[in-house]
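Structure first, then comments.
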Amino acid sequence: MSERLRILLVDDEEIVNKRLRPALERDGYEVESQMVGKNALASIAAKEFDVVVTDMRIDEVNGLHVLEAARKKSARTKVVLITGYATMELAREAVSKGAFEVLAKPFKPQDLRDAISRAIAAAKSV
């Protein structure tokens with residue numbers, strides 16, 4: 001891989017960022033993390049990411065806003081939505097708006113790694 005794949009991690013819980021970012025960096029990804037929704041939207045406007053992993057409930061900017069901004073910026077970007085409030089209705093809405101996958105918290109780090117791998121494989125097949 002000549003260029004590292006870029007991941008944007010968006011979650012308002014500091015512990016999630018502290019645990020997931022280093023784990024993903026060890027896997028060889030370039031990871032940017034944001035804890036504030038507006039900052040996540042600014043990052044998406046400024047850069048292109050291969051995968052965006054976003055919590056559903058951040059602040060006044062929620063995960064669906066992040067999803068829509070990422071998909072608008074690049075149809076190639078895959079978005080994995082994570083939430084502690086998973087329902088079938090939320091999953092259907094997220095997928096209908098272009099989410100690649102929805103993961104319910106708590107999840108194992110390997111679950112997220114697997115979702116990211118699937119997202120990258122899907123992006124490469126386009």
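Note on region 57-78: residues that are surrounded by 15 or more Cβ atoms within 10 Å (Cβ to Cβ), over 10 Å from the mean Cα position of the chain (by Cα) and either at positive phi or aliphatic (A, V, I, L, M) (or both) total 4. Within region 33-80, if we keep just the residues that are basic (Lys, Arg) and farther than 25 Å from residue 117 by Cβ, the residue that is modelled with the lowest pLDDT turns out to be 57. Within region 96-125, if we keep just the residues that are of a type in the set (D, E, K, R) and closer than 17 Å to residue 67 by Cα, the residue that is surrounded by the fewest Cβ atoms within 10 Å (Cβ to Cβ) turns out to be 97.
Residue under question is residue 81, and the condition is that it be within 14 Å of the chain's Cα centre (by Cα), of a type outside the set (Val, Ile, Thr) and in a helix (DSSP H, G or I); does it hold?
Working: within 14 Å of the chain's Cα centre (by Cα): yes; of a type outside the set (Val, Ile, Thr): yes; in a helix (DSSP H, G or I): no.
When the stated conditions are applied, residue 81 does not pass them.
Among the residues of region 31-47, those identified as touching a residue at least 12 places away in the same chain (Cβ under 8 Å) and either surrounded by 14 or more Cβ atoms within 10 Å (Cβ to Cβ) or in a loop (DSSP other than H, G, I, E, B) (or both) are 31, 32, 33, 34, 35, 36, 37, 40, 41, 43, 44, 47.
The values are calculated or read from the model by the stated rules, or taken from the named source; none is laboratory data. Model, not experiment: these values are computed from the prediction. Heads up, the Cβs are rebuilt from the backbone with ideal geometry, glycines too, and the neighbour counts pull from every protein chain shown.
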